[in-house]
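Trainee: For reference, the structure I am asking about is given below.
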Amino acid sequence: MSSTKLKVAIVGGGAAGIGAAHKLSQLGHDVTILESRNRLGGHANPVIIENNGEPTPLDTGFLIFNDSTYPNFCQFLKELEVIGDAHNLEMSSCFRNTDDKIEYSMGQKSRLVRFGLKEALNPRFWSIFKEMYRFRKKAHSDIVNKVDLSSISIEEYLQDFSRSFSDNFVYPLTSAIWSLPPSQIGLYPAQSILNYFYNHQLLAGKSDKRWLSFKGSSAVYLNAFCSKFPGKIVLNSLVRCIERGSKEISIFLDKEESPLQFDKVILATPADISLKLLNDPSPLERDLLARWRYNSSTATLHTDTSVLHKNKKLWSSWNMNKSGNRYFISYYLNRVHDIKSKSDYVLSLGTPGIRDEKIIQEFQYRHPIFDQNSVSSQDQLHDLNRGQTAFCGSYFGFGFHEDAFASGLKAAQSIL
Ligand SMILES: Cc1cc2nc3c(=O)[nH]c(=O)nc-3n(C[C@H](O)[C@H](O)[C@H](O)COP(=O)(O)OP(=O)(O)OC[C@H]3O[C@@H](n4cnc5c(N)ncnc54)[C@H](O)[C@@H]3O)c2cc1C
């Protein structure tokens, strides 16, 4: 317990807000989470469906993590005593390009590529295959030798490779990992992509990472957090505006006339929203937060398996499709959540053609866009967290749950 008990508001109840709230409440501060929706979790958004009469939880946003590049999130799960509820997952992926008639899959334990007779007879596939190995070697060596790639995009990095290789390997993976629309993939910073590929062993011949997900969905950790958190969680509280006085901070909610008063505030909302909420942003806050733009995407929970590989044996945790100039990703949830069921459950992002009668529910999400302009703000973002106000969110890192959660812990530390 620190000497002065602070009254802290956390705006936004996603992984970043939960991280900040967890840290501050552990230190004995009086914490209130203000969340605009009727649920906590943000992108961690589990739903319960009826599967042959059995209530079955499924994730429709955040799904998977691992025990090596999610150290803060895993520590949190240990503190909540739910880490044991996460199960090992084979992080396989498969890719299908309907125009070029190329389909292949890759396992995690061995990154060997599996493909069919069609591909074996297709010279274009063999040239992609050869470039895949050249790319892995080059990217691995550039990262290990710390080659400065900070000012080049992935499109520039791939100049020595064929367009067909980019379209059938690097772009679908990048699109799947960051939920990027095709027009933005080429602009994505090469350094961020290659660091991610390296850290997640996508450049190695095999991966020994333990990928995990909750059989009972992320509801497992959200429920555990809610039941142990000693502070207040105020749902359906859309924050409209934040006024920072010399001593106190006034937070105006959408439906309330009089403001709520706090000593400190942590904005765990997306960067563009955080900026809009401040009635007096400093020049540095304005400059850094305004560099972040967001994409919206629709995630569809459904049972239409026509979006998956034709060969059921190749259905993977991640299933990527290319059609025309666009990439689509579908997660096969039976595999992710280890559901033994006759029905197949799929979560597809921005995928057209899913039959209406197979759709269970649709969800809208916003993702930060990592381009040269936004990524250039990252070295300075922590400079914003020096006083009454602090910021956090997945935009502090690579855009993942660990990034969001860890940035929340740091934001909490910064206001003390
Ligand atoms: C479909 C999908 C799949 C993903 N899968 C994975 C995965 O498998 N593994 C992984 O690591 N990451 C994954 N991610 C990314 C990861 O989940 C996110 O990066 C992370 O959860 C974001 O957390 P956050 O707290 O920064 O933001 P958010 O989760 O967006 O939280 C922000 C919160 O602020 C609230 N809010 C906004 N405005 C206001 C306001 N004015 N007043 C009050 N509250 C407000 C929002 O309602 C929201 O709850 C996935 C993302 C998506 C969309």
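Trainee: Sticking with the crude label model, points 7 Å out along Cα→Cβ, report the distance from LEU6 to THR298 in nm, one decimal please.
Mentor: 4.2 nm
Trainee: Cα-Cα over 20 Å: which of LYS310/LYS342; LYS101/LYS137; LYS101/LYS209?
Mentor: LYS101/LYS137; LYS101/LYS209
Trainee: Heavy atoms only, probe 1.4 angstrom, no DNA, RNA or ligands counted: give me SER141, SER25, SER377 ranked by accessible area, highest first.
Mentor: Working: SER141 50, SER25 20, SER377 0 Å².
The most accessible residue leads, giving SER141, SER25, SER377.
Trainee: Now for a different question. Using only the Cα atoms of the range 194-299, what semi-axes does the equivalent ellipsoid have when each is the square root of 5 times a gyration tensor eigenvalue? Give whole Å, largest first.
Mentor: 35, 23, 13
Trainee: Oh, and also: If you take every DSSP beta bridge fully contained in the chain, what fraction is antiparallel? Give it as a percent rounded to 5.
Mentor: 70 percent
Trainee: Further question: Could you provide, to the nearest whole Å², the per residue accessible area of the chain with probe 1.4 Å?
Mentor: Counting only protein heavy atoms, the per-residue value for the chain is 44 Å².
Trainee: Ordering ASP344, ASP254 from largest to smallest accessible area (1.4 angstrom probe), what's the sequence? Working shown, then result.
Mentor: Numbers: ASP344 25, ASP254 80 Å².
Accessible-area ranking of ASP344, ASP254, largest first: ASP254, ASP344.
Trainee: Give or take rounding to whole Å, what are the principal axis extents of the alpha carbon atoms in the range 238-338, in descending order?
Mentor: 64, 28, 21
Trainee: Could you give the length gained on full extension between LYS312 and LYS130, defined as 0.36 nm per residue of separation minus the Cα-Cα distance, in nm?
Mentor: Details: separation 182, 0.36 × 182 = 65.52 nm, distance 2.63 nm.
Answer, rounded to one decimal: 62.9 nm.
Trainee: Same structure again: Once you put a point 7 Å from the Cα of ASP383 and another 7 Å from the Cα of SER183, both along the Cβ direction, what distance in nm separates them?
Mentor: Roughly 3.2 nm, to one decimal.
Trainee: Let me ask another. At 0.692 mPa s and 37 °C, plugging the Kirkwood radius over alpha-carbon pairs of the chain into Stokes-Einstein gives what diffusion coefficient in µm²/s?
Mentor: Answer, rounded: 146 µm²/s.
Trainee: Which residues does a label at SER343 reach in the range 210-241, if reach means a backbone N under 18 Å from a point 7 Å past the Cα toward the Cβ?
Mentor: Only 216-217 pass the distance filter.
Trainee: Express the carbon and sulfur contribution to the solvent-accessible surface of the range 299-341 as a percent, rounded to the nearest whole number, probe 1.4 angstrom.
Mentor: Values: 800 of 1670 Å².
Carbon with sulfur: 48 percent of the solvent-accessible area.
Trainee: May I ask you to list the lysines whose Cα is less than 27 Å away from that of LYS232, ignoring any residue fewer than eight positions away on the same chain?
Mentor: LYS5, LYS7, LYS23, LYS78, LYS247, LYS255, LYS264, LYS276, LYS410
Trainee: Still on this structure, please answer the following. Output ³J(HN,Hα) for the range 297-307: one whole-Hz value per residue in order, computed from phi by the Karplus curve 6.51 cos²θ - 1.76 cosθ + 1.60 with θ = phi - 60°, and x for Gly and Pro.
Mentor: 9, 9, 9, 10, 8, 7, 10, 8, 7, 5, 7
Trainee: How large is the dipole of the chain about the Cα centre if only Lys and Arg carry +1 and Asp and Glu carry -1, each at its Cβ, rounded to the nearest 20 debye?
Mentor: Its charge dipole is roughly 1040 debye.
The values are calculated or read from the model by the stated rules, or taken from the named source; none is laboratory data. All figures in this text were calculated on a predicted structure; none of them were measured in a lab. Every residue, glycine as well, gets a Cβ built from its backbone with ideal geometry; the counts of neighbours run over all protein chains shown. Surface accessibility is based on the protein's heavy atoms, side chains included, excluding ligands, DNA and RNA. Shrake-Rupley method; radii C 1.70, N 1.55, O 1.52, S 1.80 Å.
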